[in-house]
Each structure stands twice: as C-alpha cells, then as structure tokens.
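Asker: The structure follows.
The values are calculated or read from the model by the stated rules, or taken from the named source; none is laboratory data. Here the structure is a predicted model, which is why all the values come from computation and not from measurement. Positions of Cβ are backbone-derived with ideal geometry, glycine not excepted, and every protein chain shown enters the neighbour counts.
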Amino acid sequence: MSADVIILAGPAGTGKSTTARALAATYPKSVHLHTDDFWHNIVSGAIAPYLPESDPQNQTVLRVIEGAARTYASGGYLTVVDGFIGPWMLHHFLGPGGIAAGTRLHYVVLRTGLEETLRRAQGRSGPDDLVDEGPIVALWKQFSDLGGLEKHVIDTTGHAAEDSLHAVQRAIAGGDFLLAAP
C-alpha cells in the first residue's frame, strides 16, 4: 500500500524546509525530499531555476522529483516534497505517469506577506540560500494568487516554526488539502 505524498510549497522564507523536516520526523516511516538538492545535482549546464530560460531544465528536474516521490510512496514511506512547486508544475504529480493510484496527494502552500518573505529570506546565510530581492519578489508574486488552489494556502506570517508545523498537521489530518485520493 502506498503512503501519502505531501507537497509543501511556497516562496522563499515561508518556513517550507523547517516545516518539512519537522513534519517528516513525526512519522515512523518517512522521507523528506528537499527539491533544492535535485537542482544542485546538475553538475554543469545548470540555469538558475527562477530564470525564464530554465523551463526545460525545471521540467526535467520535476519529473525526477515526482519519480522519487512516487517510488518512496510505493515503498510505504510518507513522502514530504519541499520546494517552489507552483500549480504550473503539479501536472508532474497528477494524471498519467504521476503519483500512483492508491496514494493520497496533498498540496500545501506556505505563504507570508511580501515584507516578511523578504525579511526571512534575506536573513538566511547559507551558501545556497536565495537572498537576492528580484528573484524572491518574483517567486512571491507567483504564489500570491493561486486562484482555485487558494484554499491550499496557510499564512505563516506570524508563525513560529512549531505553529507552522501544527497548522500543516491539521490540514493534512483533515484532508483539506488533498489533490488526489485513492
């Protein structure tokens, strides 16, 4: 029996990675797929994923991520996929060739206000952290209006890490953020 796949998405600085690690740790058999790691696996020829010309590369990387998530889930691992996965990339996880029948697919978008997003993202200091204002604002704008998927958003503006974790746990437990169910 397949386990759930939880896509935890949103712009930089919303607490995705912190929440994803903590969420995965609450399950007895789980995997945290940090999508940034998949882009870092490109040794040469990589294009910054937020640039328009990176679309073919990004489509390839998302197919690899979906395949890894599907494989882990089919092995019974609850799989938390953490990254900038907007609605425009969900087709990799849905429909033919996507997440297998029998697997529940949750889509949770963490979002903060623009000022908070900039403060948090630019306050990070890791070598691979996105801190440039232009790409941060562009990503934030992409997640600012999700139309019919707006109901999949959790506002983490005033949240401590534990608050975001509990909000995501409630959303998953309630089945409110399901995209596909067996």
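Asker: Identify, please: which residue in the range 69-81 is small (G, A, S) and more than 17 Å from K16 (Cβ to Cβ) and is, among those, surrounded by the most Cβ atoms within 10 Å (Cβ to Cβ)?
Answerer: Pass one, the range 69-81, residues small (G, A, S): 69, 73-76.
From the residues that got through so far, the ones that are more than 17 Å from K16 (Cβ to Cβ) too are 73-76.
Details: A73: 23, S74: 16, G75: 12, G76: 11.
Of everything passing the filter in the range 69-81, A73 is surrounded by the most Cβ atoms within 10 Å (Cβ to Cβ).
Asker: Tell me which residues, restricted to the range 53-74, are over 13 Å from T35 (Cα atoms), in contact (Cβ under 8 Å) with a residue 24 or more places away in the chain and out of contact with any Ser or Thr (no Cβ under 6 Å at 6 or more places or on another chain).
Answerer: Going through the range 53-74, the residues over 13 Å from T35 (Cα atoms) turn out to be 53-57, 70-74.
So of that shortlist, the ones also in contact (Cβ under 8 Å) with a residue 24 or more places away in the chain come out as 70, 72-74.
Matches in the range 53-74: R70 only.
Asker: Kindly indicate whether any position in the range 86-97 is assigned to a helix (DSSP H, G or I), at pLDDT below 95 and aromatic (F, W, Y). Write out each step before concluding.
Answerer: First, pick out the residues of the range 86-97 that are assigned to a helix (DSSP H, G or I): 87-92.
Of the ones still in play, those that are also at pLDDT below 95 are 87-92.
Subset that is aromatic (F, W, Y): 88.
Among the residues of the range 86-97, at least one is assigned to a helix (DSSP H, G or I), at pLDDT below 95 and aromatic (F, W, Y), which makes the answer yes.
Asker: A follow-up question, please. Please find, within the range 171-182, the residue that is farthest from A121 (Cα to Cα) out of those that are of a type in the set (A, V, I, L, M, F, W, C) and not in a helix (DSSP H, G or I).
Answerer: Narrowing the range 171-182 to residues of a type in the set (A, V, I, L, M, F, W, C): 171-173, 177-181.
Imposing the further condition that a residue be not in a helix (DSSP H, G or I) reduces the set to 177-181.
Working: F177: 25, L178: 28, L179: 28, A180: 31, A181: 34 Å.
Looking at the filtered set, the residue picked out is A181.
Asker: Which residue is modelled with the highest pLDDT, if the candidates are limited to the range 113-124 and must be within 19 Å of the chain's Cα centre (by Cα) and in a helix (DSSP H, G or I)? I'd like the intermediate steps shown before the answer.
Answerer: Our first condition is that a residue be within 19 Å of the chain's Cα centre (by Cα); within the range 113-124, this holds for 113-114, 116-118, 120-121, 124.
Narrowing further to those that are in a helix (DSSP H, G or I): 114, 116-118, 120-121.
Working: L114: 91, E116: 88, T117: 85, L118: 86, R120: 83, A121: 81.
Among them, the one singled out is L114.
Asker: Can you pull out every residue in the range 167-182 that is surrounded by 15 or more Cβ atoms within 10 Å (Cβ to Cβ) and farther than 21 Å from D36 by Cβ? Working first, answer last.
Answerer: Filtering the range 167-182 down to residues surrounded by 15 or more Cβ atoms within 10 Å (Cβ to Cβ) leaves 167-168, 171-172, 177-180.
Within the range 167-182, A167, A171, I172, F177, L178, L179, A180 qualify.
Asker: Answer yes or no as to whether E66 is in a helix (DSSP H, G or I), at pLDDT 90 or above and either surrounded by fewer than 17 Cβ atoms within 10 Å (Cβ to Cβ) or of a type in the set (G, A, S) (or both). Reasoning before the result, please.
Answerer: Details: in a helix (DSSP H, G or I): yes; at pLDDT 90 or above: yes; either surrounded by fewer than 17 Cβ atoms within 10 Å (Cβ to Cβ) or of a type in the set (G, A, S) (or both): no.
Taking the combined requirement at face value, the residue does not satisfy it.
Asker: Now, a different point. Does A73 satisfy the criteria of being small (G, A, S) and not in a helix (DSSP H, G or I)?
Answerer: Values: small (G, A, S): yes; not in a helix (DSSP H, G or I): no.
So A73 does not fit the description; no.
Asker: Among (1) over 16 Å from the mean Cα position of the chain (by Cα); (2) not in a helix (DSSP H, G or I); (3) not acidic (D, E), which single condition is L110 missing?
Answerer: Condition not satisfied by L110: (1).
Asker: Restricting to the range 125-170, name every residue that is charged (D, E, K, R), at pLDDT 90 or above and in a helix (DSSP H, G or I). First the steps, then the outcome.
Answerer: First pass over the range 125-170, keeping only residues charged (D, E, K, R): 128-129, 132-133, 141, 145, 150-151, 155, 162-163, 170.
With the extra rule that they be at pLDDT 90 or above, the set shrinks to 141, 145, 150-151, 155, 162-163, 170.
If the condition is that a residue be charged (D, E, K, R), at pLDDT 90 or above and in a helix (DSSP H, G or I), then K141, E150, K151, E162, D163, R170 are the ones that fit.
Asker: Looking only at residues in the range 41-63 that are in a helix (DSSP H, G or I) and over 16 Å from the mean Cα position of the chain (by Cα), which one is surrounded by the most Cβ atoms within 10 Å (Cβ to Cβ)?
Answerer: Kept after step one, since they are in a helix (DSSP H, G or I), are these residues of the range 41-63: 52-63.
Pick out the ones that are also over 16 Å from the mean Cα position of the chain (by Cα) and you get 52-57, 60.
On the way: P52: 6, E53: 8, S54: 15, D55: 12, P56: 9, Q57: 17, T60: 12.
By that ranking, first place goes to Q57.
Asker: Is there a residue being loosely packed, with under 15 Cβ neighbours inside 10 Å, of a type outside the set (D, E), over 16 Å from V168 (Cα atoms) and modelled with pLDDT of 95 or more anywhere in the range 29-37?
Answerer: For the range 29-37, residues loosely packed, with under 15 Cβ neighbours inside 10 Å, of a type outside the set (D, E), over 16 Å from V168 (Cα atoms) and modelled with pLDDT of 95 or more: present.
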